[in-house]
Amino acid sequence: MSDNNMRNNIPVCKIENDTSEFSTEFIWSLRYSTHCIYDIKETNFDFSDYKYLFNDFSETPDFLIEIKNNKIKINNTIANEINSDMLSENYLSRLLKQENNDEISIYLLFDFNSECKVIGLLGVNRNEIKCLDHNADNVFDVLTKIEGQLNGVMCNNLVNIRVSKDEIIINHECCYKEFRCLRSCGINIPLILVQNLYKRKIKTYKFIKSIESDYNIEQYKSIFFDLDETLVWQGEPIPESILLLKRLHDKKLEINLLTRHKKDIHKTLKSINVDFNLFNKIIKVEDDEKKSSFITPNSLFVDNEFPERFDVRFKANTVSLDLDQLEFVEWSQIERVNII
């Protein structure tokens, strides 16, 4: 497929990157994104299977992201200096005590409109990193005050605040392990930065309560898959999700297709070599219907669309996964699906 045919009015995002583990995690996180065509300098993995990742794409980019030395620069914006004097140490100390961690790590997005937003919160104990719920009642008030103190300081920037009992460090350096931990819980920071380039307002949620329990596939009574951009991209199959689908069938688990697909569902499945008999049910969802109304108790839901995952996660109280989370799925006697 030529570059010109590929574009179809999709913005081009050029990524100038080094070959660090952080750069690899950043680009890996975007491998299922259909928001942009990504012109990537170089990577440590083969991205030929991913439809929107390119090397040396010929067109002038609409967006630019630079990743060097674990720092992210968006559209050539210059970052302002932030120091601890701009924040109330009482708030941060209180947050550290509440979460009972040796250290906490807070990721702040200064969006296109210079509004400050907490998009990720982590607890760090020695070598253990865990994703915390930044929308939880016990931390929400403190984090909202931090956001208010920093509103208007800069735009199009990502800032990390690390708080321990001895010091507060504020910088633009990021940690790939923390990005990966956040992504495992449904917070994909690279994709959030792309959404910000579109000038969309962002709010993030911790979708996974526990990595150990929520990703144990065999605990679920049924699995619900979306179709468009979950099993198929513009007529082409998505290998990882189809592989998972077939493994689930081999384990005799109940699998359902839950889709708003406008074309003939059986023909589309046949075109990507997926037997419709793999599904216990094929459910067509109408425009005025919510997917959450079709979800049965003790289920797992896989869908690439955030609004659909949000609806199912918080209306049906069901674990909801994006495609970039499938690599974390784990079960006995079967290896993880895809881990870099």
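The values are calculated or read from the model by the stated rules, or taken from the named source; none is laboratory data. The model shown is predicted, which means the values in this text are computed figures rather than measured ones. Reconstructed Cβ throughout: ideal geometry from the backbone, glycine too, with neighbour counts over all protein chains shown. Surface areas here come from the heavy atoms of the whole protein model, side chains and all, with no ligands, DNA or RNA. Shrake-Rupley method; radii C 1.70, N 1.55, O 1.52, S 1.80 Å.
The table for this structure:
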{"quantity": "Whole-number accessible area per residue in Å² for region 17-150, which is evaluated in the context of all protein chains at 1.4 Å", "calculated": "47 Å²"}
{"quantity": "Highest average packing first - 129-137, 40-48, Cβ atoms within 10 Å", "calculated": "129-137, 40-48"}
{"quantity": "Value of D in µm² per second that Stokes-Einstein yields for region 133-292, Kirkwood Rh from Cα pairs, at 10 °C (1.306 mPa s)", "calculated": "82 µm²/s"}
{"quantity": "Convex hull per residue volume in Å³, alpha carbons only, for region 137-232", "calculated": "179 Å³"}
{"quantity": "Cα gyration tensor category, rounded, prolate or oblate, for region 21-114 with a/c compared to 1.5", "calculated": "prolate"}
{"quantity": "Convex hull of Cα atoms in region 146-201, direction-averaged projection (nm²)", "calculated": "5.0 nm²"}
{"quantity": "Semi-axis lengths (Å, descending) of the ellipsoid that matches the C-alpha gyration tensor of the chain", "calculated": "34, 25, 18"}
{"quantity": "With every protein chain in place, the chain: carbon and sulfur % of accessible area (1.4 Å)", "calculated": "44 percent"}
{"quantity": "Shape metrics for region 200-340, restricted to C-alpha atoms - Rg then Dmax, Å", "calculated": "14.3, 42"}
{"quantity": "Ellipsoid semi-axes in whole angstrom, largest first, where each is sqrt(5λ) of the Cα gyration tensor of region 82-182", "calculated": "20, 15, 13"}
